[in-house]
Amino acid sequence: MAELQPPMLSPRGLKLLVGLGLALLVTAAVLKLALGVPEPGFFSFNRWGQWAPTLWANLTQLGDTSVVFALLAPVLCRHPRVYFAWLSAVPVGGAMSLILKRSLDWPRPADVLTLDQLHVVGWVLNGRSFPSGHTITAVALAVMVGLYWRSLPSASRVRPLWVGIALGLLALGAAVSRMAVGAHWPTDLLAGTGVGLMAAAFAAWVLTRWSWQPGPWAQAVAALGLLVTSWALMDRAWGEQEPGALVLSVAAVTVWLSLAHWAWQWGQGRLGQT
């Protein structure tokens, strides 16, 4: 298999992406302090959850890190170096989110509103609202996959612009769903977008600077992790009857199909090394 040459961002592009992310994060924090709670516009989006709760429950799962990397399992089979580089976005986004949440400890909607004022889909979440972790994941995913798509030879079949629009809409849907299910304020989503951009920039930087080629055993460890993840997703979908069972199930099945193909490649000595 020919080595993938991802057209990742130039140093200037990376700086712009990080700068934009930081600007969004700071803007969100300033707005949070200026607006107070409940934030303007929240109730309008939260009412959307009453109209199609199943849709929003499934969209919000697209911001779950375990779901995202399960859905990306086919990339592990074809371009493991890209997949491993993407994993670097997880500790970066997670660490930034954890530091901000613990240091600020700003309340969620359920902390300041009664349940008759708030429409909740799924679990009632309390505490540490800023930023939205699901939005971080969804935005980082959209940026990383968009860059990856541009690098594929088959990308010419579908114009990268349309792929970018589709990814943007999915990220937007996942972000807005956090208000529809009653979990976050608008400024939390803005902050999550900023952190997501910075996490994606870090993953892009790692991929352009990283020359290590994951061998079969490194891929096997990642595959084993995905297999465990897939069973956990199925347990969430059917064991606990968690909202968003469709996306959880699709993610689990994606892992199984991808690993079946991966095992066949290993047996044929054709594992991708790019």
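Extending 7 Å from Cα along the Cβ direction at ARG159 and again at LEU104 yields two label points whose distance is 3.8 nm.
For the chain, the spread of Cα positions along the three principal axes, ordered from largest to smallest, is 59, 46, 35 Å.
Against the chain, whose longest principal axis is taken from its Cα atoms, helix 89-104 shows a tilt of about 20°. Each label point was placed 7 Å from the Cα along the Cα-to-Cβ direction; for LEU224 and VAL124 their separation is 4.2 nm. Sorting 135-144, 33-42, 97-106 by average packing, meaning the other beta carbons within 10 Å per residue, from highest down gives 135-144, 97-106, 33-42.
What residues of the range 55-82 lie in the reach of a label at SER249, counting those whose backbone N is under 20 Å from a point 7 Å from the Cα along Cα→Cβ? Residues passing the 20 Å test: 55-64, 66-73. Its relative contact order, with pairs defined as Cα atoms under 8 Å and 6+ residues apart, puts the range 11-213 at 39 percent.
Projected onto its three principal axes, the C-alpha set of the range 126-262 covers 43, 37, 29 Å, listed from the longest axis down.
Where a number appears in this text, it was derived from the coordinates with a stated rule and is not lab data. Quick caveat, the model's predicted, so the values are computed rather than measured. When we count neighbours, we look across all protein chains shown, and the Cβ atoms used for this are built from the backbone with ideal geometry, even at glycine.
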